[in-house]
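The structure appears right after this line, and notes come after that.
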Amino acid sequence: MTDDPEPEEGAPRQHVGRGTAVLGDVAGNVITIAATAADAAADKVVKPRFREGPYPEEDVAERMRAFVEPPSFPQAREVLARRRVLLLVGAVGTGTGTAAFALLHRLPKEAGRIVGLDPREDPTTLEPSGTGRRYLVPWLSQSFAEALTEVALTALQDRLERADAHLVVLAAPTLRLPAEAARWRVRHEPPPPAEVARAHLRTMGLSEEQLSIALAQLGDPQVKAYLDGTRDPAAGTEVAEELRHVALGTRTLDEALVNLTRSAADQVTETLQAARRDPADLALTTAVALLEGQDRGVVAQCAAALHALFTPGRAERPPTGEAQPDVLGEDFGTRLARVHADLLPRVVDDGSRYWYRFWVEPVAFRRRHQAEDILARLWLDHEGIADAILLWLAKASTRYAPGLDYAAGRAIGRVLRRATGADVLRWLEPLAESPDRWRRRLVAYALNEAAQDGMLAGAVRDQLWTWSRARNEHLSATVAETCAGGFGLIRPDRTLRMLERLLDGPVRSSVRRGVSLAIAVLLTESQNAAAVSETLSRWMAAPNNSGRRRYALDAVPQLLTDFLALDSGDPGPLLPLVRRALDDPKARESVMRALLRAERSPHAGTRARATALITALATTAGARRGVRALLVARFRQHVQLAEGNMP
């Protein structure tokens, strides 16, 4: 699909492919019924786990929902309170990061917000700004670990004490810390898996009756024995997931116990052993690992395409003897069972922007994280699998399905976190250069997922800067889409500078579209509103022939469309920009069209946010001509809708 503007109200609709109605021009194989080309790709945002700046309070609260105090928590709290600096040593995946957030979050309420620091900078050089700040350094590097001498830490402690600030530094167990740093160091001890399971069950949205069933099963002797036999908190998460299925009636306790008694590594090895001699099974295993959670139809199409790539030019053997060939073959469920995957209960899709709803029957492996482990093994350890996956994703015949970019992108990103070498991100460049937005969006999700590893976030940023200098329209659009996928929230000031670079010189519509979405994502967090407003004002004051000025003068309608389509909640950060645009006679009509179109969106959340924004604008109608014009146009639209005269 092209990135051309949407036709005016009342313009003819077009029909493509299977008869799905769309607005705008259509090219290639993408099918959508959305009002703009934006819906040819997912618009979800992957919030970063670690940031280089203030953490929103709602993000911290979300991380605290299932938090269980580890045994080392009292000691860590005492060291942080007394010495102001805490070196928290623990492995990734054991709750070390969540414990660090809890330590800072539970400081006296008069303390300021939690602020993330760049792990590529020396923490001993920190100069606290303001008072009461709570700082967090994710996963210290070895080069800076060697700088944590007693002299440096004592000086840092004095500076923090004068500013009433605190600092927690996360350090991997493999890091070599100076012996003299022992007074500031605490080793993280994971919380008991049974407590982790209990806490997670309470956050899974179960009814009281279902929760009671699940909690009761925690006392089962075999479940208890499994939990008592490990100190890994991930085991508690595994148990919670299995007991959730038991409480929902989608799995028996015996089936859950079978899944739990096999180690994750054994399950992955068994699945790959079962698939390695049959190209069809291998293709299906790869497809489920890449697209877990997607509809059975999407997974089946992927498996069929990969099967052809795994067996190029291989003809089917003719039947021998008198046995008749099985023309029908095995059903899909049987094939899935052979690779230890299942069809989950049908659900109604509620994430698309379609006017209609449809059934989805997701496919998933039986073990949590099994898809991630299998895809990593196939991608990194077996030659040709990664190339086949990337080839299928790049082929013109591969049709877009809702959520394909989100599922495949995040799955590939999790693999990249396990990969080694300086060039791991270059696998994505062919897709990043694609003219199709969903493929660029897939790359954006992969990079956002890779950046969840604090050590890889710098590599992702460097890759984006490299692409932004390439002067390639599609690479530039991918940079903007990656910022819009959530990466831009890690360091908003750097994001705005990167977007400014993309707008230098002639700018194509795909780049403008990505920049608008990236800015809309920044505006979902009110702490970025002032910086965004200042940046847009500066762009408006740029020379007349600059791409920044041309973008800024026409930015608000697309920003409105993108922001209201996001699950952002409060539209407050948009109010100043929209009021100013409505006061401008040249921009007023396009802004009003965007708002009124959002009120007629097929997505209930978009309609609700548009109504909330118009309601907030109405409070200033008496003093603003543009707002009054909007309210009049809205009234006319409601009358036309009531009379059945809207196109």
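The values are calculated or read from the model by the stated rules, or taken from the named source; none is laboratory data. Everything quoted here is computed from the prediction, not taken from an experiment. Every residue, glycine as well, gets a Cβ built from its backbone with ideal geometry; the counts of neighbours run over all protein chains shown. What goes into the accessible areas is simple: the full protein's heavy atoms, side chains included, and nothing from ligands, DNA or RNA. Shrake-Rupley method; radii C 1.70, N 1.55, O 1.52, S 1.80 Å.
Go through (1) over 15 Å from Ala303 (Cβ atoms); (2) open to solvent by 30 Å² or more (accessible area, probe 1.4 Å); (3) out of contact with any Pro (no Cβ under 6 Å at 6 or more places or on another chain); (4) aliphatic (A, V, I, L, M) for Leu344 and report which single condition fails.
(3)
Going through Ala337, Ala341, Ala323 one at a time, which residue ends up being out of contact with any Asp or Glu (no Cβ under 7 Å at 6 or more places or on another chain) and modelled with pLDDT under 65?
Working: Ala337 fails: modelled with pLDDT under 65; Ala341 fails: modelled with pLDDT under 65.
Testing whether each residue is out of contact with any Asp or Glu (no Cβ under 7 Å at 6 or more places or on another chain) and modelled with pLDDT under 65 leaves just Ala323.
For Ser397, state whether it is under 25 Å from the mean Cα position of the chain (by Cα), at pLDDT below 95 and assigned to a loop (DSSP other than H, G, I, E, B).
Numbers: under 25 Å from the mean Cα position of the chain (by Cα): no; at pLDDT below 95: yes; assigned to a loop (DSSP other than H, G, I, E, B): yes.
Criteria not met by Ser397.
Could you check segment 209-233 and list, in sequence order, the residues that are open to solvent by 20 Å² or more (accessible area, probe 1.4 Å) and more than 25 Å from Phe73 (Cβ to Cβ)?
Across segment 209-233, the qualifying residues are Glu209, Gln210, Leu211, Ser212, Ile213, Ala216, Gln217, Gly219, Asp220, Pro221, Gln222, Ala225.
Restricting to segment 142-200, name every residue that is polar (S, T, N, Q) and either within 21 Å of Gly116 (Cβ to Cβ) or without any contact (Cβ under 8 Å) to a residue 12 or more places away in the chain (or both). Walk me through how you get there before you give the answer.
If we filter segment 142-200 for residues that are polar (S, T, N, Q), which is where we start, we get 142-143, 149, 154, 157, 174.
Once the filter is applied, which keeps residues that are polar (S, T, N, Q) and either within 21 Å of Gly116 (Cβ to Cβ) or without any contact (Cβ under 8 Å) to a residue 12 or more places away in the chain (or both), segment 142-200 yields Gln142, Ser143, Thr154, Gln157, Thr174.
Got a sec? Which of Arg426, Arg440 is closer than 18 Å to Thr466 by Cα, surrounded by 23 or more Cβ atoms within 10 Å (Cβ to Cβ) and of a type in the set (Lys, Arg)?
Within the list Arg426, Arg440, the selection yields Arg440.
Yes or no, residue by residue, for (1) assigned to a loop (DSSP other than H, G, I, E, B); (2) modelled with pLDDT of 95 or more; (3) in contact with an Asp or Glu (Cβ under 8 Å, 6 or more places away or on another chain):
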site	(1), (2), (3)
Glu189	yes, yes, no
Tyr226	no, no, no
Thr230	yes, no, no
Glu241	no, no, no
Val246	no, no, no
Val258	no, no, no
Gln273	no, no, no
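Can you name every residue in segment 356-387 that is assigned to a helix (DSSP H, G or I), in contact (Cβ under 8 Å) with a residue 60 or more places away in the chain and open to solvent by less than 10 Å² (accessible area, probe 1.4 Å)?
Gln370, Ala371, Ile374, Leu375, Leu378
Of all residues in segment 591-630, how many are in a helix (DSSP H, G or I), open to solvent by 20 Å² or more (accessible area, probe 1.4 Å) and among the hydroxyl-bearing types (Ser, Thr, Tyr)?
2
Any chance you could count how many residues in segment 191-203 are part of a loop (DSSP other than H, G, I, E, B) and open to solvent by less than 30 Å² (accessible area, probe 1.4 Å)? Steps first, please.
Step one: list which residues in segment 191-203 are part of a loop (DSSP other than H, G, I, E, B), which gives 191-192, 202-203.
Of the ones still in play, those that are also open to solvent by less than 30 Å² (accessible area, probe 1.4 Å) are 191.
The total comes to 1.
Being in contact (Cβ under 8 Å) with a residue 60 or more places away in the chain and hydrophobic (A, V, I, L, M, F, W, C) is the requirement here; does Ala459 meet it?
no
I'm trying to understand the selection: among the residues of segment 583-600, which are closer than 18 Å to Leu523 by Cβ and among the hydroxyl-bearing types (Ser, Thr, Tyr)?
Quick first cut of segment 583-600, residues closer than 18 Å to Leu523 by Cβ only: 587, 591, 594-595, 598.
Those that are closer than 18 Å to Leu523 by Cβ and among the hydroxyl-bearing types (Ser, Thr, Tyr): none in segment 583-600.
Evaluate the following for Thr174: is it in contact with a His (Cβ under 8 Å, 6 or more places away or on another chain), part of a loop (DSSP other than H, G, I, E, B) and open to solvent by 20 Å² or more (accessible area, probe 1.4 Å)?
no
With Arg410, Arg461, Arg414 as the choices, which residue is open to solvent by less than 30 Å² (accessible area, probe 1.4 Å), of a type outside the set (Ser, Thr, Tyr) and part of a helix (DSSP H, G or I)?
So the residue among Arg410, Arg461, Arg414 that is open to solvent by less than 30 Å² (accessible area, probe 1.4 Å), of a type outside the set (Ser, Thr, Tyr) and part of a helix (DSSP H, G or I) is Arg461.
Kindly list the number of the only condition in (1) in contact (Cβ under 8 Å) with a residue 40 or more places away in the chain; (2) open to solvent by 50 Å² or more (accessible area, probe 1.4 Å); (3) in a loop (DSSP other than H, G, I, E, B); (4) not aromatic (Phe, Trp, Tyr) that fails for Leu206.
Against the list (1) in contact (Cβ under 8 Å) with a residue 40 or more places away in the chain; (2) open to solvent by 50 Å² or more (accessible area, probe 1.4 Å); (3) in a loop (DSSP other than H, G, I, E, B); (4) not aromatic (Phe, Trp, Tyr), Leu206 comes up short only on (2).
Quick check on segment 546-569. Is at least one of its residues open to solvent by 40 Å² or more (accessible area, probe 1.4 Å), under 25 Å from the mean Cα position of the chain (by Cα) and either farther than 30 Å from Arg636 by Cα or of a type in the set (Asp, Glu) (or both)?
yes
With respect to Ala182, determine if the residue is assigned to a helix (DSSP H, G or I) and crowded, with 18+ Cβ neighbours inside 10 Å.
Here the answer is no, as Ala182 does not meet what is asked.
Exactly one of (1) among the hydroxyl-bearing types (Ser, Thr, Tyr); (2) touching a helix residue (DSSP H, G or I) at 6+ places or on another chain (Cβ under 7 Å); (3) surrounded by fewer than 17 Cβ atoms within 10 Å (Cβ to Cβ) is unmet by Thr250. Its number?
Unmet for Thr250, out of (1) among the hydroxyl-bearing types (Ser, Thr, Tyr); (2) touching a helix residue (DSSP H, G or I) at 6+ places or on another chain (Cβ under 7 Å); (3) surrounded by fewer than 17 Cβ atoms within 10 Å (Cβ to Cβ): (2).
Which numbered condition trips up Gly236, out of (1) under 28 Å from the mean Cα position of the chain (by Cα); (2) open to solvent by 50 Å² or more (accessible area, probe 1.4 Å)?
(2)
So, in segment 284-306, exactly how many residues are of a type outside the set (S, T, N, Q) and open to solvent by 10 Å² or more (accessible area, probe 1.4 Å)? I'd like the intermediate steps shown before the answer.
First, pick out the residues of segment 284-306 that are of a type outside the set (S, T, N, Q): 284, 287-293, 295-300, 302-306.
Retained after the next criterion (residues that are open to solvent by 10 Å² or more (accessible area, probe 1.4 Å)): 292-293, 295-298, 300, 304-305.
Number of matching residues: 9.
Would you please list the contacts, defined by Cβ atoms under 9 Å and residues six or more apart or on different chains, that run from a residue in segment 288-307 that is of a type in the set (Lys, Arg) to a residue that is open to solvent by less than 10 Å² (accessible area, probe 1.4 Å) and in a helix (DSSP H, G or I)?
Between residues of segment 288-307 that are of a type in the set (Lys, Arg) and residues that are open to solvent by less than 10 Å² (accessible area, probe 1.4 Å) and in a helix (DSSP H, G or I), the close pairs are Arg296/Leu336.
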